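Take a look at the structure below.
Here, each number is a calculation from the coordinates, and none is a lab measurement. Everything numeric in this text was worked out from a predicted model, so none of it was measured. As a convention, Cβ positions derive from the backbone with ideal geometry for all residues, glycine included, and neighbour counts pool all protein chains shown.
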Amino acid sequence: MKNKYIKCTIAIVAIMQIFVSCKKDFLELTPKGTALEDNFYKNETEVMQGIISVYDVMQWGTTGGYTMKMPLLSAASDDTWAGGSNASDQPNWVAFDNFNMDSRIGPQGGLWNKNFTGINRANLILSKIENATTLSVPFKTRVTAEAKFLRAYFYFDLVRLFGRVPLIITVLPTADLYNQAQSTPAQIYAQIEKDLREAYPGLPPTISATEKGRISMGAAKAQLGKVLLYQNDNAKLAEAITLFEDINKVGNVYGYNLMPVYADIFNPANKFNTESILEIPHSNNAAWGDWGWINGGEGNVGTQFIGMDSYNGDTYSSGWGFCPVTLDLVNALKTDPRFSATIIDGTALKAGGATYNARYQNTDYFIKKYAPLKAYRSASGVAEQNWPINEIEIRLADTYLMQAEALVKTGTNPTRAKELLDAVRGRVGLGSIAVTLDNIYNERRLELATEGHRFFDLVRTGKAVTVLGTVGFKANKSEYLPIPQTEIDITKGIIKQNPGYN
Amino acid sequence: MKGKSTFILLLFSMLFSLSVRAQEIDVSGKVTSKDGLPIPGVSVLIQGTKIGVATNQNGEFRIKVPKAGTVLVFSQIGMATQTFAINSNEPINVVLTDTENELEQVVVVGYGTQKKSIVTGAISQVKASDLENMPVMRIEQSLQGRTAGLTITTSSGQPGDGATLRIRGTTSINNSDALYIVDGVQVGGGIDYLNQSDIESIEVLKDAASAAIYGARAANGVVIVTTKKGTRSGKMSVNYNTYLGTQAPARKLDLLNATQYATLYNEAEFAANPNVAAPRFPNPSQYGVGTDWQSAIFNNSAKIQNHELSLSGGGEKSIYYSSFGYFDQDGIVASDNSQYKRFTARFNSEHQITKAIKFGQTIGYTRTNSVGVSTNTEYGSPLNRAINIDPLTPIVETDPAKYNLPLYTGNPVVRNSQGLPYGISSYAQSEILNPIAALAVAQGKGWSDKVVGNAFVEVEPIKGLKIRSQGGVDLAFWGNEGFTPIYFLNSINQTTITSYNRNSNRGLFWSLENTISYNKAIEKHNFTVLLGYSAQKNKGETNGGSKDGIPVNNLKDASLQFPVSRTNDVFYGGEYLNTLNSMFARLTYDYNEKYLFTGIVRRDGSSRFGPNNKYGYFPSGSVGWIASKESFFPQNKVVTFLKFRGSYGITGNDNIGDFRYLSTVSGGRNYTLGTSAGLNNGVSPDALSNPDLRWEETSSTDIGLDATLFGNFTITADWYHKKTSGMLLQIAVPGYVGNSGPIGNIADLSNKGFELELGYNKRIGEFSFKVAANGSFLTNNIDFLGDDKEFLGGQTVTPQGLEVTRTVIGHAIGSFYGYRSNGLFQNQAEINNYKNAGGALVQPNAKPGDIKFIDLNGDGLISDNDREIIGDPTPDFTYGFTINAAYKGFDFVMLGQGVAGNQVFNALRRFDLPTANYTTAILDRWRGEGTSNVTPRLTLQDDNKNYSRVSSLFLEDGSYFRIKTLQIGYSLPTKLVSKAGLNKLRFYVMANNLVTFTKYTGYDPEIGGGSYGVDRGFYPQARTFFAGLNVGF
């Protein structure tokens, strides 16, 4: 009898043992039907989807408020005012326009987050490519080069907008999330140059029609040249000149040529035209409609911003009346052949029977480049979020002028400098002028008006105080945006505010 | 396999019950009180059976017992039960004394039982005897008003709907649902599947010291349900309980009739535009009284019925309990669309295989079928529509001049059985449609099948040592289907294609638990040691699909088998999986049942926890001291029992979702490439991963005492402080990280409270009565929400998303948030005098009759920043009492229950819709100086935002007291019924929710569920009248 109990006890204890011993695996489950960061990026398709997500950030315009570079930086410069329905429509834009941002008001939060999101995604994809074993060499080379270009691209925006920012080139481990300190602009520029120098050899000189929008070798070289020029260090200009020459020379391998007609550059029908070097594509393919996350769509919200409010008439579609063009720019361009391609004369439209609402800071002049056109208004999704109008960030006339500037600064090859400046002017029927820095800078203003270069040009050439001082620009402060207060708070002061904003 | 073994067991059970009868002894005797007075009506039962008789007027009885050694049990309400072993047929005299205390009873403590007198934790108990003869629709409701520390708020009065049950407050900002353990098996989805009369007891483990044995699942409290197992009576006892009832709404709102509606609309229109050419309703009186939409929606005689049949019994070797139940309830709102049917079956048995080996099993099967309507939403619930639709529109359009209009003839309008179209309102907007027509096109139903069971083997090789292995299963299948015909309710609510969807779900939970316990007494030292190991897995899946354009026009004919085009054919699915692996130990020690100690530690490992925190430890300790057992405790008649208790423990909440520590990647981060603009799919991580993710943790301190005064007055009092830390929220990370922060253990809250349970019983001659009362005070406070957050958003009302509740640091969870009104501006001078420091008007847009908002932040204008916490939907005080009384064959019970100190947000009217109807309270609106200081003027142009700002105007006192149950029963004398071969025959009548005392002006102040405390046209609880019958064979 006793024996039986003992057997039974043994049996039960044995059953318990079985369950105790298998416990390790028992708790380690993997979810099904969900892609995880840990197990994604295992083939070319998935890595490609990863790099696309980095590109995606380039077209964002609404991270933590509206931050479309082209109209926003135009508002900051003397090209346009902020506009909108009133001063409190986009207070961040108005603050940038008047240089009275503080740590909480201004476009800094959105621009900071946008660019660091791009950097994080680039860092992630670089770390994934590093460990991937299933990628072909050409694929790996190109995607690595693209990721480095994109990281450099986002850092170039950050260093120009904020000066000192944390330099993060890896995926941060959990322990290091809160302890990143800012690096100097020189350190950041060094990393940008390094990334771009490593990137361009791995990129194709030309991009096939189906892939237009991916980065080419020409774009990377142009970007590197621009980065070198923007540092105001003459020692760096020899390399810049070489890079620009490679792009600008007749018969360049990239197929770049000035568009014969100036206005054609900005015609949405002429996507990826021969003058376009770095172009950010937009489309209505996402048929987007989420006002809470406009970035999820692919449209150009900047287009919606700069359109005339409640416009009723030919050609244009209605917009929100931001960025009315300053009379200063109007006067500068008044007699210039590029006027009609650059500025919409509202008074003239009204005379032709069109109507629109005058909004805040109205001048009756509006940005024409990438303005909303009836013919391109999206029929799918919310039209305001789906403008299929690309933005060109670097184009050949820009690299001509940058090369000319570098040549003049270093005093080398004045003939080539003149040739480049004349080419830009000649295209619109203007005659030759002396190749001086002032003339080049003036030409940049007229040629590249409202394309988002003017503010950075004023800052890097030291003209900002003179030109923008009357609207509030202060030297040694307004060159940079304030660091978002949330960054300072959350790092408990490891991130430091920019000078003048405390 | 389980089904088969159950069947065999059942057969065995039947066999055992047929044991042989021999050597009957005829016993007679008399029952008296201490004073020698005869006690009539005392139940005399053969122990372990339901066979028995009652004493007569002279306290005398006579009964035949099966054999020598049989024990008779003498019991009477309010008196201590006595037993007497019968060895001969000599007459016996039994003396019953008044009950000393209830503390000799046993409570279930999780993996075991404990004598109530030596329990050191805070445990509330509801026993079968409390539940018997007291029908509730759902088992959870039986706890309402009976147990201190529980806040139970009905989710809605719809048949089958549950209740929000909170044990000692809301423990988490995430999931605060208690853990339900039925016969040792964790069950999901609540315990409504149980048949009421199957329940032996319900224990609620309230403090961490008791609940810690369930470790990472116990922070929200534990409800342990034990089902009946049968008795060793040697005879089968059969019980049949039934009731039939009729339900009706307890209250209707007084809404404006058609004339009033038209008049007031004109007034509002005129206020907005005094130059209006012609009012919208030129002659309001022509509309008369109009349609009473509430009457069309409510059913004043909704039926309810219940049948329960149970068989129980057993012998020396085996005991069994089987039951079958059927419950059928129609709702009081839109009865055809609001119904619930439940069929239950149960087979429980236990078998002593050898002296040392015991085997047992419980199996409950439940089938439910239900149809339902939206119960508390402003977006298309029948009641909200009935309240808000204009009374001008007829339910059915009977005027040929109207129903021959193209509106009706040219559209697929909804028609009644006579073929007449339901009226289409020309005034109502948005979701406010003819509720009857909308119900006709809302076709859907749900079903569930659930099997919960366990099987165990217990070996006791030496006395006191028990080795037990138990497997448990909760297997549930459920699903629903819905059909939308082609219909036209109005121009913005119409369909052009039929649509049918159906889904089915399967959930399987299994657990295996092995325990060893050893119980030993060494002189006056009593030890019980428990060691256990447990593994459980919970998994399930959803499969569903929909087809649009199937060629049928009602749900009955709809099928997913119809072929439709690929684009109209959708399939979807999902799955979940989690595991838990645990070890636990408990030491219970007492010295002479005077000094008490219990220590528990449990280690839980969960698949839901991140790799850095895979295992959690949950310790607890509790001590008790029974002072009245001390030799120095003065012998007295006042305090006959006195115990002090104290406990501290840590428990966890593992309801944190599966795999949330991992970083998932998602698509949609797209980019346009190519000259022809193709969209390329981009994928990136959604957020950072968090390998540290773990359970939410609650530590709780409890100090309590139990006392008995005068022998029949019991007191249990508890004070507690619960602190929950590490509640899940998204972690704030710096923007430079470039991705969202992960979910992490961030936020803290605390609950503090005081509970009191009182009991009293008394017997005077043949009259006996018992009173039990309880009350609980509770305060909830949000302590921390992360470095980056001051508050979390909560409920909103209207499509504009106006915030109604917020969870703010320093206040209770989900408190009401809004503006404070300071009466109404009575005249222009008051508006002009309401100036800020700069001399400008604070409310420049106000007109006389508008709300004067308080400028809380003092910045001189009224803006979003002038909002603050203005109320709390959770009661500060919850109370209840039960009175039982009996006289001869009559019995009476009354259960009263109430809450105090909470508010209800009255969002019955869609204030965003100018054409929405009003309650007649609007007749007391401001119409000129001095006419009202509460209800603002009417205007279609609400520039002052009287109705588009959430303000204290809409808050009402939510306190109530309710006669929850009132019952009178009569049992026929045993002598009489035994002639008919019965041992019990009882009739009763009962009322549920007979009276509710409240200042709240809506249907029902008790508003639980997802819209907690916000009344959007809440489906109220019914007032029900029952007649019932209990028969025992």
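Specify the inter-centroid distance of the range B:531-582 and the range B:591-656, based on alpha-carbon positions, in whole Å.
That distance is 44 Å.
How much length is gained if the chain between B:N273 and B:W447 is pulled fully straight, taking 0.36 nm per residue apart and subtracting their Cα-Cα distance, in nm to one decimal?
Result: 57.3 nm gained on full extension.
Measuring from label point to label point, each 7 Å out along Cα→Cβ, what is the B:T495 to A:S136 span in nm?
5.0 nm
So which trypsin sites (Lys or Arg not before Pro) in the range A:308-370 end up in coil per DSSP with only 10 or fewer other C-beta atoms within 10 Å?
Filter output for the range A:308-370: A:K334.
For the range B:378-415, which chymotrypsin sites (Phe, Trp or Tyr not before Pro) are in a loop by DSSP, counting at most 16 other Cβ atoms within 10 Å?
B:Y379
Rounded to the nearest 500, what is chain B's calculated 222 nm mean residue ellipticity when only DSSP H runs of at least 4 contribute -39500 (n - 2.57) each, over all residues?
That calculation yields -2000 deg cm²/dmol at 222 nm.
Please give the contour-minus-distance gain from B:K463 to B:V771: 0.36 nm per residue of separation, less the Cα-Cα distance, rounded to one decimal in nm.
Full extension of this stretch gives 106.8 nm more.
At R0 = 41 Å, how high is the FRET efficiency between B:K115 and B:E316 if r is their beta carbon distance? Nearest 0.05 is fine.
For R0 = 41 Å, the calculated efficiency reads 0.95.
Hey, with R₀ at 56 Å, roughly what FRET efficiency would A:L29 and B:F754 work out to, going by the Cβ-Cβ distance, to 0.05?
So, using R0 = 56 Å, E works out to roughly 0.85.
When a footprinting reagent is the concern and you count Cβ atoms within 10 Å, what order do B:I173, A:I433 take, fewest first?
The most exposed by this proxy come first: A:I433, B:I173.
How far apart, in nm, are two points set 7 Å out from the Cα along the Cα-to-Cβ line at A:L327 and at B:V95?
11.5 nm
Which cross-chain or sequence-distant (5 or more) residues have an amide H under 5 Å from the amide H of A:S183, H modelled 1.01 Å from N in plane?
Here the answer is A:V165, A:L167, since their amide H atoms fall under 5 Å of that of A:S183.
Hey, fewest Cβ within 10 Å first, where do B:S952, B:S417 land in order?
Listed from fewest to most nearby Cβ atoms, that is B:S417, B:S952.
Rounded to the nearest whole Å³, what is the per residue volume of the convex hull around the Cα atoms of the protein assembly as shown?
226 Å³
Given H placed on each backbone N at 1.01 Å, which residues far from B:D891 in sequence or on other chains put an amide H within less than 5 Å of it?
Hits under the 5 Å cutoff: B:G969, B:Y970, B:S971.
Can you bin chain A into rounded, prolate or oblate? Criterion: square roots of the alpha carbon gyration tensor eigenvalues sorted a ≥ b ≥ c, rounded for a/c under 1.5, prolate for a/b above b/c, oblate for the rest.
prolate
Distance between Cα centroids, the range B:215-293 to the range B:451-518: provide it in whole Å.
So the two Cα centres are separated by 30 Å.
Nearest 5 is fine: what % of DSSP beta bridges in the protein assembly as shown come out antiparallel, could you say?
If we restrict to bridges inside the protein assembly as shown, about 95 percent are antiparallel.
Apply 1/(1 + (r/R0)^6) to the Cβ-Cβ distance of B:K835 and B:Q418, taking R0 = 56 Å, and write down the FRET efficiency to the nearest 0.05.
0.30
In the range A:433-502, which trypsin sites (Lys or Arg not before Pro) are in a loop and have at most 11 other Cβ atoms within 10 Å, using DSSP for the loop call?
A:K492
For the range B:208-280, what does the alpha-carbon gyration tensor say about shape, rounded, prolate or oblate, given a ≥ b ≥ c as the root eigenvalues, a/c under 1.5 as rounded, and a/b over b/c as prolate?
Note, shape of the range B:208-280 comes out oblate.
At 0.36 nm per residue, and after removing the present C-alpha to C-alpha distance, how many nm does the segment from A:A87 to A:K334 gain when stretched out fully?
Residue separation times 0.36 nm, minus the Cα-Cα distance, leaves 86.1 nm.
Have a look at B:N993, B:S768, B:N501 and report the one farthest towards the positive end of the charge dipole of chain B, computed about the Cα centre with Cβ charges (Lys/Arg +1, Asp/Glu -1).
With unit charges placed on the Cβ atoms, the residue in question is B:S768.
Counting other C-beta atoms within 10 Å, which of B:Y589, B:Y879, B:Y422 has the fewest, and how do the rest follow?
Ranking B:Y589, B:Y879, B:Y422 by Cβ neighbours within 10 Å, fewest first, gives B:Y589, B:Y879, B:Y422.
Just counting partner chain Cβ atoms within 10 Å, what average do the residues of peptide B:574-581 show around their Cβ?
Partner Cβ neighbours, averaged per residue: 4.
Taking the simple approach of a point 7 Å from Cα along Cα-to-Cβ for both B:T354 and B:L976, what is their distance in nm?
5.4 nm
Need one number: % antiparallel among DSSP beta bridges in chain B, to the nearest 5.
95 percent
Can you give the relative contact order of the range A:353-502 as a percent, counting alpha carbon pairs under 8 Å and 6+ residues apart?
13 percent
Before anything else, pin down the relative contact order of the range B:791-959: Cα pairs under 8 Å, at least 6 apart, normalised by residue count, whole percent.
24 percent
Would you kindly derive the ³J(HN,Hα) couplings of the range B:610-627 from the backbone phi angles with the Karplus curve 6.51 cos²θ - 1.76 cosθ + 1.60 (θ = phi - 60°), listing them in order in whole Hz, with x for Gly and Pro?
Karplus-based 3J(HN,Hα) across the range B:610-627 equals x, x, 7, 9, 5, 10, x, 10, 10, x, 7, x, 8, 10, x, 9, 8, 5 Hz.
Excluding B:N526 itself, what net charge comes from residues whose Cβ is under 12 Å from its Cβ, given Lys and Arg +1 and Asp and Glu -1?
Computed value for this residue: +1.
In terms of the Cα gyration tensor, with a ≥ b ≥ c the square roots of its eigenvalues, is the range B:791-959 rounded because a/c is under 1.5, prolate because a/b exceeds b/c, or oblate?
prolate
Per-residue mean of other chain beta-carbon atoms within 10 angstrom of the beta-carbon, peptide B:659-670?
6
Roughly how many whole Å is it from the C-alpha centroid of the range A:406-467 to that of the range B:352-407?
75 Å
So what's the angle, to the nearest 10 degrees on a 0 to 90 scale, between helix B:2-16 and the longest Cα principal axis of chain B?
It is inclined by approximately 40 degrees.
With the contact rule set at Cα under 8 Å and sequence spacing of 6 or more, what percent relative contact order holds for chain B?
Taking the mean separation of contacting Cα pairs over the length of chain B, I get 12 percent.
Give me a single rounded figure for A:207-213: the average over its residues of other chain Cβ atoms within 10 Å of their Cβ.
So the per-residue partner count for this stretch is 5.
Translational D (Stokes-Einstein, µm²/s) of the range B:859-938 at 4 °C and 1.567 mPa s when Rh comes from the Kirkwood sum over C-alpha pairs?
72 µm²/s
Tell me, what HN-Hα J-couplings in whole Hz come from the Karplus equation 6.51 cos²θ - 1.76 cosθ + 1.60 at θ = phi - 60° for each residue of the range B:661-669, using x for Gly and Pro?
Listing the rounded values in order: 7, 8, 9, 8, 10, 9, x, x, 8 Hz.
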